[in-house]
Amino acid sequence: RLIVAAGGRPGTDYVARRGPRGKGALDERIRGLVIAARHGLRVLVLRDLDEDPCAGPVVRRLAPNPPSTLCLRLAVRAVEAWLLADHDGMAKGLTVSPTALPALPETLADPKGELRRIGKISRDSEVRRLCAGTPQVFGGLTAALATDCWDPCRAARRAPSLARALKRLRTLCR
């Protein structure tokens, strides 16, 4: 959704379905993605900031001197904050009132937990079930919400790190 919103066309996903998942596994793969970007591929890498206090040092550690064809962006605190920033889309997808969503989702200490909490008050019993499920079940719901309901341009109005990511990605997509 981000690439399309930035005017690009998504290509191959080199990470999502390969081996271990999570921030640590992604960090180990970034070096190879930097090499791919140095060889002309345009590469987008999204990662949660989590407990790190500031994105700059993390980006410099993971990709020192990155090529211009690499877009490494960190969601403040987690990508779920970016989902929560689209009140219209998430209210519809979770079947809750838009007032149930946080005004400033990037200030949340635990955006994933907040998304689960909001989903558990849904008017839809299936959404409530998925929000109470295992991390894999909940991950499936968040993927579906991102694909079917979420609008990155609307969300960028409430999520400054997303607005910066979209701006950088628009440059990469040119």
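The values are calculated or read from the model by the stated rules, or taken from the named source; none is laboratory data. In this text the structure is predicted, and so the values were computed from the model without any measurement. Here the Cβ positions follow ideal geometry from the backbone for every residue, glycine too, while neighbour counts run over all protein chains shown. Just the protein is used for accessible areas: all its heavy atoms, side chains included, with ligands, DNA and RNA removed. Shrake-Rupley method; radii C 1.70, N 1.55, O 1.52, S 1.80 Å.
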Restricting attention to region 80-101, report how many residues are part of a loop (DSSP other than H, G, I, E, B) and either closer than 24 Å to R47 by Cα or free of Cβ contacts under 8 Å to residues at least 24 places away in the same chain (or both).
4
Inspect region 55-70 for any residue being charged (D, E, K, R) and either within 15 Å of the chain's Cα centre (by Cα) or within 25 Å of T147 (Cβ to Cβ) (or both) and give the result as yes or no.
no
Scope region 49-78; condition at pLDDT 90 or above and on the phi > 0 side of the Ramachandran plot; matching residues
N65
Name the residue that is most open to solvent (accessible area, probe 1.4 Å), counting only residues in region 112-130 that are closer than 22 Å to L49 by Cα and touching a residue at least 24 places away in the same chain (Cβ under 8 Å).
K112
Any residue in region 153-174 that's at negative phi: show its pairings with residues that are open to solvent by 70 Å² or more (accessible area, probe 1.4 Å) at Cβ separation under 7 Å, as long as the two are six or more apart or on different chains.
R154/D88; R158/L104; L172/R42
Tell me which residues, restricted to region 73-96, are within 21 Å of R123 (Cα to Cα) and of a type in the set (A, V, I, L, M, F, W, C).
L83, L84, A85, M90, A91, L94, V96
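I want to confirm something. Restricting to region 54-72 and keeping residues that are open to solvent by 60 Å² or more (accessible area, probe 1.4 Å) and outside any loop (DSSP other than H, G, I, E, B), which single residue is farthest from I35 (Cα to Cα)?
Per the criteria, the residue is P57.
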Matching residues in region 102-143 - criterion: being not small (G, A, S) and not in a helix (DSSP H, G or I):
P102, L104, L108, D110, K120, I121, R123, D124, T134
Residues satisfying the stated conditions in region 99-111, i.e. in contact with a Lys or Arg (Cβ under 9 Å, 6 or more places away or on another chain), open to solvent by 40 Å² or more (accessible area, probe 1.4 Å) and of a type outside the set (A, V, I, L, M):
T107, D110
Looking at (1) open to solvent by 20 Å² or more (accessible area, probe 1.4 Å); (2) farther than 21 Å from C149 by Cβ; (3) in contact with a strand residue (DSSP E or B) (Cβ under 8 Å, 6 or more places away or on another chain); (4) in a helix (DSSP H, G or I), can you tell me which one I3 breaks?
(2)
Residues within region 131-140 that are within 18 Å of the chain's Cα centre (by Cα), at pLDDT 95 or above, farther than 12 Å from T95 by Cβ and surrounded by 14 or more Cβ atoms within 10 Å (Cβ to Cβ), tallied
1
Of the conditions (1) over 15 Å from the mean Cα position of the chain (by Cα); (2) closer than 24 Å to T171 by Cβ; (3) among the β-branched types (V, I, T), T95 satisfies every one except a single condition; which number is it?
(2)
Subset of region 12-48 [within 21 Å of W82 (Cβ to Cβ), outside any helix (DSSP H, G or I) and at pLDDT 90 or above]:
R42, V43, L44, V45, L46, R47, D48
